[in-house]
Amino acid sequence: MTTTAPLWLSQFTVQHRIWGLRSLFAGIADDFRDASGFIGRAGIVHSYVDPSYTTYGRPGALLQRFTGDVVVDGIWQYQNFIHGRHLQDKKLHFNGNAALRGGWNVGAGYFVESFGYDSALYGATPQSAPAGRPIRWCVHGTAHHHERRIHRPDRHAAVEALKWRRPTPAGHDENFFEWASGDPVCC
């Protein structure tokens, strides 16, 4: 069976030595069905803008390069977007990444995020998500079955040198089977 429904995408990226800008504006209608499985989630509109600024240290200095960026990101239910209603998910990310002498990279970020309950993913009431949803971190936490929105500040840090890498999760994460926030811990 073939269904005809809107699918649209607009992207813009410009990267200068100092300034950068990435943006996305994409929508997938509720009725869009693909036979190949390449569409992860129908029925949403996703938009973000991500300006960045890079500064460089003197030759031989400890700090070789530092890039900071601010990501403003939002997701609407497709029908809410079409009818001019509220965002479902709201994200504001502040990131900084430094390249240090000797091949070390250090990064940190602070995220302010709010996730609205999506009945298309979790059912009519905030309870458990369907089986098969991916888990990014092993999580411990308690479900809050009647929450309609999860608010979470989060922070991350990472250190990398050549082939060694150690991320440090902290804060809360929403990427697991039930509709609740919890504390991420590496498995």
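Observations on the structure shown:
- The set of residues from region 8-29 being closer than 16 Å to residue 77 by Cα and assigned to a loop (DSSP other than H, G, I, E, B) comprises just one member, 29.
- For region 145-160, a residue qualifies if it is in contact with a strand residue (DSSP E or B) (Cβ under 6 Å, 6 or more places away or on another chain), open to solvent by less than 100 Å² (accessible area, probe 1.4 Å) and either within 11 Å of residue 111 (Cα to Cα) or at pLDDT below 70 (or both), and the qualifying residues are 152, 153, 154, 156.
Conditions (1) closer than 30 Å to residue 99 by Cβ; (2) more than 14 Å from the chain's Cα centre (by Cα); (3) of a type in the set (Gly, Ala, Ser), marked per residue:
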| site | (1), (2), (3) |
| --- | --- |
| 20 | yes, yes, yes |
| 51 | yes, yes, no |
| 67 | yes, yes, no |
| 70 | yes, no, no |
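- Subset of region 19-54 that is modelled with pLDDT of 95 or more and either exposed (fewer than 14 other Cβ atoms within 10 Å of the Cβ) or acidic (Asp, Glu) (or both) - its residue that is nearest to residue 118 (Cα to Cα): 50
- Any pair with Cβ under 7 angstrom, 6 or more apart, that starts in region 140-161 at a residue that is under 20 Å from residue 121 (Cα atoms) and ends at one that is among the polar types (S, T, N, Q) and modelled with pLDDT under 50: 145/127
The values are calculated or read from the model by the stated rules, or taken from the named source; none is laboratory data. Owing to the predicted nature of the structure, the values given are computational and were not obtained by experimental measurement. Reconstructed Cβ throughout: ideal geometry from the backbone, glycine too, with neighbour counts over all protein chains shown. Please note that ligands, DNA and RNA were not included when accessible areas were found on the heavy atoms of the full protein model with its side chains. Shrake-Rupley method; radii C 1.70, N 1.55, O 1.52, S 1.80 Å.
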